[in-house]
1. So which of Gly136, Gly169 ends up being more than 15 Å from the chain's Cα centre (by Cα), at positive phi and either away from the ligand (no atom under 13 Å from the Cβ) or modelled with pLDDT of 95 or more (or both)?
2. Going residue by residue through segment 13-24, is there one that turns out to be open to solvent by less than 60 Å² (accessible area, probe 1.4 Å), more than 19 Å from Thr182 (Cβ to Cβ), among the small types (Gly, Ala, Ser) and within 11 Å of the ligand (Cβ to nearest atom)?
3. Kindly indicate which of Thr2, Thr23, Thr13, Thr62 is hydroxyl-bearing (Ser, Thr, Tyr) and without any contact (Cβ under 8 Å) to a residue 40 or more places away in the chain.
4. Just give me the residues in segment 25-71 being more than 26 Å from Thr111 (Cα to Cα), within 18 Å of the chain's Cα centre (by Cα) and within 13 Å of the ligand (Cβ to nearest atom), in sequence order.
5. Take the residues in segment 33-59 that are among the aliphatic types (A, V, I, L, M) and out of contact with any helix residue (DSSP H, G or I) (no Cβ under 8 Å at 6 or more places or on another chain); name whichever of them is nearest to Asp86 (Cα to Cα).
6. If I ask for residues that are near the ligand (Cβ under 8 Å from one of its atoms) and touching a residue at least 24 places away in the same chain (Cβ under 8 Å), which ones from segment 195-234 would you list?
7. Given the structure, is Val105 in contact with a helix residue (DSSP H, G or I) (Cβ under 7 Å, 6 or more places away or on another chain) and of a type in the set (Val, Ile, Thr)?
Amino acid sequence: MTQAIKDKVVVITGASSGLGEATARLLSAQSAIVVLGARRTDRLQSLADEVSSSGGKALAVTTDVTNCDQVKRLVDAAVQTYGRIDVIINNAGLMPQAPLERLKVDEWNRTIDVNIKGVLYGIAAALPYMQQQKAGHIINVSSVAGHKVGPGFAVYAATKHAVRALSEGLRQEVKPYNIRTTVISPGAVATELPNSVTEPDVAEKVRKSYEIAIPADSFARAVAFAMSQPEDVDVNEILFRPTSQAL
Ligand code: NDP
């Protein structure tokens, strides 16, 4: 067990499936306290129950990250229940890919609302506490698409580039407060993410490209690596892919 993870209060958005769920499991197995946010209450609650029944501590708070007040309520609940917030993982996200010419304007808006504004709302909720504590760690989830752009995923890539830009600005601004910042950019990881593609032909391509996807635990271990460094070591960027992923 890593001492740097034990008893840390970790807020995770998008904890009802995929990367967020795997991270909650791994960190709670290493004795972190996990505070879980997402919209699907039933899934959050059964994860929290599972953690509690194995002797861990978990709190489920139904949260839509496109609603600033709800994200604040999630972080406030962590502080009210456990006295502090050590880490926030701004992980909730969508990937509804389609060529721009298909004019999926509603999907563009939703992707921006969840992938960019949701991250900003997480920062807004956690930062005042972390400034006061003079300690904390903000982990934002970007993607290989935060480094590369290609046909069909321009909007998704734009949101993930934005997450990297925000994270770098944040990194520089929070130095006086002893706050660490990490942006993690995964390649293809096997989760429910491809289900957010609504165009059948694009969905089929994405499904094929995910045949090489690696387990969600790969992401959770990257989080644990960044968290478990000594306090004076700030791991700012992690980019990882399946060994067989070319893009
Ligand atoms: P999943 O679809 O499995 O999980 C997405 C999570 O986000 C769910 O828990 C979902 O919960 C939550 N979510 C979506 N919309 C909202 C919302 N409005 N409010 C609150 N929570 C929301 O996908 P992943 O686990 O793969 O995705 C997690 C992150 O990882 C995303 O940011 C994604 O872009 C990123 N990523 C994933 C990669 C992959 O290959 N899997 C690669 C690169 C990056 P609910 O529906 O219950 O609200």
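The values are calculated or read from the model by the stated rules, or taken from the named source; none is laboratory data. Bear in mind the structure is a predicted one, so any value in this text is a computation, not a measurement. Neighbour counts run over all protein chains shown; Cβ positions are idealised from the backbone, glycine included. Areas reflect the complete protein model, heavy atoms only, side chains present, ligands, DNA and RNA absent. Shrake-Rupley method; radii C 1.70, N 1.55, O 1.52, S 1.80 Å.
1. On the way: Gly169 fails: at positive phi.
From the options Gly136, Gly169, the qualifying one is Gly136.
2. Yes: one or more hits.
3. Working: Thr2 fails: without any contact (Cβ under 8 Å) to a residue 40 or more places away in the chain; Thr23 fails: without any contact (Cβ under 8 Å) to a residue 40 or more places away in the chain; Thr13 fails: without any contact (Cβ under 8 Å) to a residue 40 or more places away in the chain.
After ruling out the rest, the residue left standing is Thr62.
4. Arg25
5. Filtering segment 33-59 down to residues among the aliphatic types (A, V, I, L, M) leaves 33-36, 38, 44, 47-48, 51, 58-59.
Right, trim to out of contact with any helix residue (DSSP H, G or I) (no Cβ under 8 Å at 6 or more places or on another chain) and you get 44, 48.
Values: Leu44: 20, Ala48: 19 Å.
Out of the qualifying residues, it is Ala48.
6. First pass over segment 195-234, keeping only residues near the ligand (Cβ under 8 Å from one of its atoms): 195-196, 210, 213, 216, 219.
Passing the criteria: Ser196, Ala213, Ala216, Phe219.
7. Values: in contact with a helix residue (DSSP H, G or I) (Cβ under 7 Å, 6 or more places away or on another chain): no; of a type in the set (Val, Ile, Thr): yes.
It is false that Val105 is in contact with a helix residue (DSSP H, G or I) (Cβ under 7 Å, 6 or more places away or on another chain) and of a type in the set (Val, Ile, Thr).
So that you can scan it fast, the table gives a plain yes or no per residue for (1) surrounded by fewer than 16 Cβ atoms within 10 Å (Cβ to Cβ); (2) aromatic (Phe, Trp, Tyr):
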position: Arg207; (1), (2): yes, no
position: Ala213; (1), (2): no, no
position: Phe219; (1), (2): no, yes
position: Met227; (1), (2): no, no
